[in-house]
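Worksheet for the structure shown next.
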Amino acid sequence: MIRVQQVTWNDAEEAIKAVRVPVFIDEQQVPYEIDFDGSDAHCVHWLALSEDGLPIGTARLMNDYHFGRMAVLKPWRKRGVGRAIMLAAIEFAKAQGFASMHLNAQIEAMGFYRQLGFKAYGERFIDAGMPHQSMALQLDAA
């Protein structure tokens, strides 16, 4: 059983990095300065923990309703961790009165976000060397 909790960067920086570094820096070869862009202290974060309390997934929501930095450690993928994080973030955004949420999905992840109600818009683009697509979720319809 995994547990998802809302955290701050100040309280959970080490745990967040324990997920994002292996996923983005090591696995996807994203430069450290691109992933850790200086925005984390101003974001709401979610941290997924395994039954034994180890960090296994994370994501953040910026002040402009932009969701990002979704990362799940490889052994935990396809086990509902990402979905649990997303549902927590969507509930938070609804409770805050957000009309919508936006994200830039890696092309391979678009199906995952579509299942949650996100719709693609705009042209595809390259971010950190990988193709991405902007997507949005209208929260009043979610």
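If I ask for residues that are of a type in the set (Gly, Ala, Ser), surrounded by 12 or more Cβ atoms within 10 Å (Cβ to Cβ) and part of a loop (DSSP other than H, G, I, E, B), which ones from the range 121-141 would you list?
Passing the criteria: only ALA128.
Looking at the range 10-28, can you tell me whether even one residue there is over 11 Å from the mean Cα position of the chain (by Cα) and assigned to a loop (DSSP other than H, G, I, E, B)?
Yes, the range 10-28 contains a residue that is over 11 Å from the mean Cα position of the chain (by Cα) and assigned to a loop (DSSP other than H, G, I, E, B).
Can you find a residue in the range 96-114 that is surrounded by fewer than 20 Cβ atoms within 10 Å (Cβ to Cβ), part of a helix (DSSP H, G or I) and among the charged types (D, E, K, R)?
Yes, the conditions are met somewhere in the range 96-114.
Which pairs do you get when a residue that is without any contact (Cβ under 8 Å) to a residue 24 or more places away in the chain and hydroxyl-bearing (Ser, Thr, Tyr), found in the range 66-80, comes within reach of a residue that is surrounded by fewer than 15 Cβ atoms within 10 Å (Cβ to Cβ) and part of a loop (DSSP other than H, G, I, E, B), reach meaning Cβ atoms under 7 angstrom, with the pair 6+ apart or on two chains?
none
Is there a residue in the range 41-62 that is modelled with pLDDT under 95, of a type in the set (A, V, I, L, M) and either under 25 Å from GLY122 (Cβ atoms) or in a loop (DSSP other than H, G, I, E, B) (or both)?
Yes: the range 41-62 contains one or more residues that are modelled with pLDDT under 95, of a type in the set (A, V, I, L, M) and either under 25 Å from GLY122 (Cβ atoms) or in a loop (DSSP other than H, G, I, E, B) (or both).
The values are calculated or read from the model by the stated rules, or taken from the named source; none is laboratory data. What you are looking at is a predicted structure, and each value in this text was computed from that prediction instead of being measured. Because the Cβ atoms are built from the backbone with ideal geometry, glycine has one as well, and the counts that use them run over all protein chains shown.
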